[in-house]
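These notes are about the structure you will find just below.
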Amino acid sequence: MQNVLFLHGQTTQVMIGASPESDLKILRLSQSLYQKYSLKRVYYSAYVSVNQDSNLPTLETPPLLRENRLYQADWLLRFYGFKAEELLDETHPNFNNLLDPKCEWALRHLECFPVDVNTADFYTLLRVPGIGVTSAKRIIRARRNFNLNFDNLKGLGIVLKRAIYFITCSGKYFNHASFLNSAFIETNLLYQERRSLSVFQEAKQLSLFDTLKPTKGDVIKCISGNL
């Protein structure tokens, strides 16, 4: 782990996969750094061996997807009001590579859903997969004038392909169907995630010396504004 000083604060980079710490331990460390030291940012970097030495860990494949999941979870800590202990625990110490951390949390806590977008407070809205900070603020503003329906939500930038399983509009589900079935929801979310992962797996970690500029279509958005 290395520290980097900036003009307006301090950041830390954590090497992922070089040692056996679980995601829970790493996330607890990040949470502690934010709370105790007001750290500006924690960065995560998948371990890639650049030298051949018996004293160095050897990994066949750099844990790029694990790095991505930790970035997503870190975003939830900093902007969504989550705690490390909510996202992971001793029985589930590592993130599921097949689902993003927010969807994984929601599936384990279906008792918290559905959330009615016309009555839920800001931080409750943030716990809904597909609703980010910006879109939650838009919901709060828009519903002051009228009750929102699913067409309104689409116009506000909500990722309905995720959110529809966890929300209602004035007590009504999307197309008047009830989705609170964990197996059904998980199957659909996994299908969406597999499509994203097929693109992600084609990516590679660039070195500090790469000078190639990404072209349109090459940029992969690891952290979505609407988790």
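The values are calculated or read from the model by the stated rules, or taken from the named source; none is laboratory data. The structure presented is a predicted model; accordingly, all values stated were derived computationally and were not measured. Note: ideal-geometry Cβ built from the backbone for every residue, glycine included; neighbour counts use all protein chains shown. What goes into the accessible areas is simple: the full protein's heavy atoms, side chains included, and nothing from ligands, DNA or RNA. Shrake-Rupley method; radii C 1.70, N 1.55, O 1.52, S 1.80 Å.
Got a sec? Which of ARG141, ARG78 is open to solvent by 30 Å² or more (accessible area, probe 1.4 Å), assigned to a helix (DSSP H, G or I) and more than 17 Å from ASP23 (Cβ to Cβ)?
Going through ARG141, ARG78 in turn, the sole match is ARG141.
Among LYS102, LYS83, which is surrounded by fewer than 16 Cβ atoms within 10 Å (Cβ to Cβ) and among the basic types (Lys, Arg)? Don't jump to the end; show me each part of the working.
Working: LYS102 fails: surrounded by fewer than 16 Cβ atoms within 10 Å (Cβ to Cβ).
The unique qualifying residue is LYS83.
For LEU180, work out the one condition from (1) in contact (Cβ under 8 Å) with a residue 60 or more places away in the chain; (2) open to solvent by less than 30 Å² (accessible area, probe 1.4 Å); (3) outside any helix (DSSP H, G or I) it doesn't fulfil.
Going through the list (1) in contact (Cβ under 8 Å) with a residue 60 or more places away in the chain; (2) open to solvent by less than 30 Å² (accessible area, probe 1.4 Å); (3) outside any helix (DSSP H, G or I), LEU180 breaks only (2).
Quick test for you: out of ASP121, ASP89, pick the one residue that is open to solvent by 40 Å² or more (accessible area, probe 1.4 Å), over 20 Å from LYS25 (Cα atoms) and among the acidic types (Asp, Glu). First the steps, then the outcome.
On the way: ASP89 fails: over 20 Å from LYS25 (Cα atoms).
None of the other options fit; the residue is ASP121.
Within the range 41-74, can you find the residues that are under 18 Å from ILE131 (Cα atoms) and either among the aliphatic types (A, V, I, L, M) or out of contact with any Phe, Trp or Tyr (no Cβ under 9 Å at 6 or more places or on another chain) (or both)?
ALA73
Which of the residues that make up the range 102-135 are touching a residue at least 60 places away in the same chain (Cβ under 8 Å) and either among the hydroxyl-bearing types (Ser, Thr, Tyr) or out of contact with any strand residue (DSSP E or B) (no Cβ under 9 Å at 6 or more places or on another chain) (or both)?
Hits for the range 102-135 are LYS102, CYS103, ALA106, LEU107, LEU110, PRO129, GLY132, VAL133, THR134, SER135.
Looking only at the range 44-62, how many residues end up being of a type outside the set (Asp, Glu) and open to solvent by 90 Å² or more (accessible area, probe 1.4 Å)?
Total satisfying the criteria: 7.
Given the options ARG41, ARG69, ARG28, name the one that is open to solvent by 80 Å² or more (accessible area, probe 1.4 Å) and under 23 Å from TYR123 (Cα atoms).
ARG28 is the lone residue from the list that is open to solvent by 80 Å² or more (accessible area, probe 1.4 Å) and under 23 Å from TYR123 (Cα atoms).
Considering each residue of the range 188-206, count those that are surrounded by 11 or more Cβ atoms within 10 Å (Cβ to Cβ) and either at pLDDT 75 or above or touching a strand residue (DSSP E or B) at 6+ places or on another chain (Cβ under 7 Å) (or both), and give that number.
Residues flagged as surrounded by 11 or more Cβ atoms within 10 Å (Cβ to Cβ) and either at pLDDT 75 or above or touching a strand residue (DSSP E or B) at 6+ places or on another chain (Cβ under 7 Å) (or both) within the range 188-206 amount to 6.
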